[in-house]
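*Asks:* Handing you this structure, nothing more for now.
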Amino acid sequence: MIRTSAVRAILPALLIIAGLTGYGRAQAPAPSWKQAASVTASNKGEGDQFGFALALSRDGNTLAVGAPLESSSATGINGKQADDSAFSSGAVYVYTRTGSGWSQQVYVKASNTGVNDQFGYAVALSADGNTMAVSAVYEDSGAKGINGNQADNALSESGAVYVFTRTQNSWSQQAYIKSSNPGEKEDGDTFGFTVSLSGDGNTLAVGAPSEDSAATEINGNQADNSASGAGAAYVFVRSGSTWTQQAYVKSPTGRANALFGYSVSLDNSGNTLAAGAFDEDGGKGALHIFTRGGGAWSHQARLQASNAERQDSMGTWVTISDDGNTVAAGSLDEDSLLTGVNPGNLGANDQASDTSAGAAYVFTRTGNTWAQQAFVKASNSGKEDWFGSRVALNGDGNTLVATAPNEDSAAKGIGGNQKDESAEEAGAAYVYDRMGTTWNSPLYFKSADNKKFDEFGSSVALSKDGRTMAVGARFVNGAGAVFIFTR
């Protein structure tokens with residue numbers, strides 16, 4: 001089971017773009033950015049948390065949204081949405097864009113819908129949007145591998161991932177995927193806590209932060225269960241329509257309670273994997289980079305923040321550029337109240353304990369060598385804002401979005417007054433652009449109808465060109481919504 005302190009890091013965040021003028025001052029909205037649309041569920045219900053998770057195809061024309069607490073007992077594609085007899089079974093909604101308009105294409109449920117399975121907890125799309133991976137992190141089957149017995153319910157919270165494919169406008173389930181070691185009775189591994197797909201959809205990475213083996217690196221002993229909460233990641237590959245597990249991936253340390261696999265992200269080729277271990281090293285957190293050559297995986301690097309401190313939780317979220325050479329990670333419990341990119345005077349006075357203002361870090365790779373490029377803060381860092389809860393990069397890695405779902409401004413739209421703080425946990429998103437190796441100050445985003453407790457920034461995604469951004473706000477009007485911005 002994941003600790004309460006870990007679960008809180010799942011709270012959504014916001015979305016954003018680049019170019020800010022100063023803390024507390026209203027900005028002139030960047031004319032190139034606008035809120036283009038918002039979407040809600042076709043059967044929106046109180047507490048469904050629509051927008052807890054989302055994914056955007058690389059062309060920005062397909063959007064998948066998870067609502068893990070939706071309660072229909074329907075199964076499969078476009079079932080009956082209204083019965084609400086399977087509490088928190090979860091659902092996913094797929095939307096497509098034609099011109100500037102968005103419409104719901106399909107309503108998706110698991111093939112074995114179950115109470116509290118939370119299908120839709122994590123979602124991922126291939127570049128063309130035709131392959132979708134959806135997790136049900138609290139699904140209870142004791143099955144192992146691909147397309148096993150879905151009905152057995154013998155292993156509480158073991159977790160599962162479902163793969164769906166689209167042909168023209170028609171969706172179908174292709175695979176039901178479990179790990180090769182789904183956990184012990186009443187102590188499942190939460191397989192599916194995060195998911196990521198390669199651009200062609202043929203490589204799938206899945207995180208299981210509650211997995212307990214003390215194995216290290218690639219394909220070690222899965223059965224020892226002597227390191228509670230060490231965590232694992234799994235890589236699956238598809239040939240034709242057939243999926244197989246390619247690798248069982250662990251941190252090189254194999255330490256208990258590291259929660260490795262809390263976040264995962266694959267580059268476009270599927271040959272570079274970034275995995276977060278947010279509780280590693282006394283909660284400082286770390287990222288691990290793995291690379292694949294000839295079908296074999298190896299550990300390339302361990303990345304840690306330049307100002308890492310205990311309980312900063314770096315690695316709660318991770319995102320990687322298409323070429324695998326830029327990685328950004330969120331650190332929602334980082335405590336400095338500095339603002340902007342690479343702020344100076346990072347000393348003891350700027351590291352007040354337990355503010356949880358949050359930060360993000362950008363790392364870049366040259367050859368096989370990784371280095372930190374940027375320490376990124378909000379333009380209005382505030383206590384318990386959880387900046388960095390979610391981060392996203394566009395294809396070339398030159399646009400970064402970081403969200404702060406607990407940010408408190410009542411501003412509306414783009415570039416509003418950041419200092420107001422009269423809308424508790426309304427949430428915000430910040431967008432940064434990179435020129436060469438320099439990151440610009442951020443542009444500050446809110447929804448057009450921003451309200452307290454919306455938690456705008458619960459989830460976020462960018463298109464490949466960085467011109468379409470989707471931001472989830474899981475508590476809008478009690479049910480949740482996703483806001484789409486374009487430039």
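The values are calculated or read from the model by the stated rules, or taken from the named source; none is laboratory data. In this text, all values refer to a predicted model and were calculated from it rather than measured experimentally. Positions of Cβ are generated from backbone atoms using ideal geometry, with glycine treated the same way; all protein chains shown enter the neighbour counts.
*Asks:* hydroxyl-bearing (Ser, Thr, Tyr), modelled with pLDDT of 95 or more, crowded, with 22+ Cβ neighbours inside 10 Å and assigned to a loop (DSSP other than H, G, I, E, B) - does that describe any residue in the range 55-63?
*Replies:* Looking for residues that are hydroxyl-bearing (Ser, Thr, Tyr), modelled with pLDDT of 95 or more, crowded, with 22+ Cβ neighbours inside 10 Å and assigned to a loop (DSSP other than H, G, I, E, B), one finds at least one in the range 55-63, hence yes.
*Asks:* Also: Is it the case that SER179 is in contact with a strand residue (DSSP E or B) (Cβ under 7 Å, 6 or more places away or on another chain), at pLDDT 95 or above, closer than 26 Å to GLY229 by Cβ and hydroxyl-bearing (Ser, Thr, Tyr)?
*Replies:* Here the answer is yes, as SER179 does meet what is asked.
*Asks:* If you don't mind, there's one more thing I want to ask. If you check every pair at least six apart or on different chains, which have Cβ atoms under 9 Å apart with a residue in the range 173-193 that is without any contact (Cβ under 8 Å) to a residue 40 or more places away in the chain first and a residue that is charged (D, E, K, R) second?
*Replies:* LYS178/GLU139; LYS178/LYS144; GLY183/GLU157; GLY183/ASP189; GLY183/GLU211; GLY183/ASP212; GLU186/GLU157
*Asks:* Let me ask something else. List every residue pair whose Cβ atoms sit under 7 Å apart, with the two residues 6 or more apart in sequence or on different chains, where the first one lies in the range 378-396 and is under 21 Å from SER269 (Cβ atoms) and modelled with pLDDT of 95 or more and the second, anywhere, is among the basic types (Lys, Arg) and surrounded by fewer than 24 Cβ atoms within 10 Å (Cβ to Cβ).
*Replies:* Going by the 7 Å Cβ cut-off, the qualifying pairs are ASN394/LYS464; GLY395/ARG58; GLY395/LYS464.
*Asks:* In the range 228-240, which residue that is more than 21 Å from the chain's Cα centre (by Cα) and in a loop (DSSP other than H, G, I, E, B) is farthest from SER210 (Cα to Cα)?
*Replies:* GLY240
*Asks:* Scan the range 394-429 for residues that are of a type in the set (Asp, Glu) and crowded, with 21+ Cβ neighbours inside 10 Å and jot them down.
*Replies:* Scanning the range 394-429 gives GLU407, ASP408.
*Asks:* If I ask for residues that are over 20 Å from ALA479 (Cβ atoms) and part of a loop (DSSP other than H, G, I, E, B), which ones from the range 79-129 would you list?
*Replies:* The answer is GLY99, SER100, ALA110, SER111, ASN112, GLY114, SER126, ALA127, ASP128, GLY129.
*Asks:* Answer yes if at least one residue in the range 241-260 is of a type in the set (Val, Ile, Thr), within 17 Å of the chain's Cα centre (by Cα) and at negative phi, and no otherwise.
*Replies:* The answer is no, given that none of the residues of the range 241-260 is of a type in the set (Val, Ile, Thr), within 17 Å of the chain's Cα centre (by Cα) and at negative phi.
*Asks:* Ok, one more. Only residues in the range 410-421 that are in contact (Cβ under 8 Å) with a residue 60 or more places away in the chain and closer than 15 Å to PHE485 by Cα count as the first member; pair them with residues that are of a type outside the set (Gly, Ala, Ser) and surrounded by fewer than 16 Cβ atoms within 10 Å (Cβ to Cβ), Cβ under 8 angstrom, at least 6 apart or cross-chain, and list the lot.
*Replies:* From the range 410-421, the pairs are GLY413/PRO29; ILE414/PRO29; ILE414/LYS34; GLY415/PRO29.
Quick grid of which residues meet (1) modelled with pLDDT of 95 or more; (2) within 15 Å of GLU217 (Cβ to Cβ); (3) crowded, with 24+ Cβ neighbours inside 10 Å:
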residue	(1), (2), (3)
GLY254	no, yes, no
ASN257	no, no, no
GLY283	no, no, no
THR291	yes, yes, no
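*Asks:* Sort out which residues of the range 40-92 are farther than 15 Å from VAL108 by Cβ and either among the aliphatic types (A, V, I, L, M) or without any contact (Cβ under 8 Å) to a residue 24 or more places away in the chain (or both), and write them in order of number.
*Replies:* Selection gives LEU56, LEU69, ALA82, ASP83, SER85.
*Asks:* Kindly check whether there is at least one residue in the range 416-427 that is in a strand (DSSP E or B) and more than 19 Å from ALA448 (Cα to Cα).
*Replies:* no
*Asks:* Taking GLY51, is it within 15 Å of the chain's Cα centre (by Cα) and either modelled with pLDDT of 95 or more or among the aromatic types (Phe, Trp, Tyr) (or both)?
*Replies:* When the stated conditions are applied, GLY51 passes them.
*Asks:* Does the range 89-102 contain at least one residue that is among the charged types (D, E, K, R) and buried (at least 22 other Cβ atoms within 10 Å of the Cβ)?
*Replies:* For the range 89-102, residues among the charged types (D, E, K, R) and buried (at least 22 other Cβ atoms within 10 Å of the Cβ): absent.
*Asks:* Is at least one residue of the range 303-312 hydrophobic (A, V, I, L, M, F, W, C), under 26 Å from ASN202 (Cβ atoms) and assigned to a strand (DSSP E or B)?
*Replies:* No, the range 303-312 has no match at all.
*Asks:* List the pairs whose first member sits in the range 195-220 and is in contact (Cβ under 8 Å) with a residue 60 or more places away in the chain, whose second member is in a loop (DSSP other than H, G, I, E, B) and β-branched (Val, Ile, Thr), and whose Cβ atoms are under 6 Å apart, counting only residues at least 6 apart or on separate chains?
*Replies:* The qualifying pairs are SER210/ILE2; SER210/THR190.
*Asks:* Got at least one residue in the range 247-256 being of a type in the set (S, T, N, Q), more than 30 Å from THR167 (Cβ to Cβ) and touching a His at 6+ places or on another chain (Cβ under 8 Å)?
*Replies:* Yes, that holds for at least one residue.
*Asks:* Does PHE290 fit the bill of being out of contact with any Phe, Trp or Tyr (no Cβ under 6 Å at 6 or more places or on another chain) and among the aromatic types (Phe, Trp, Tyr)?
*Replies:* no
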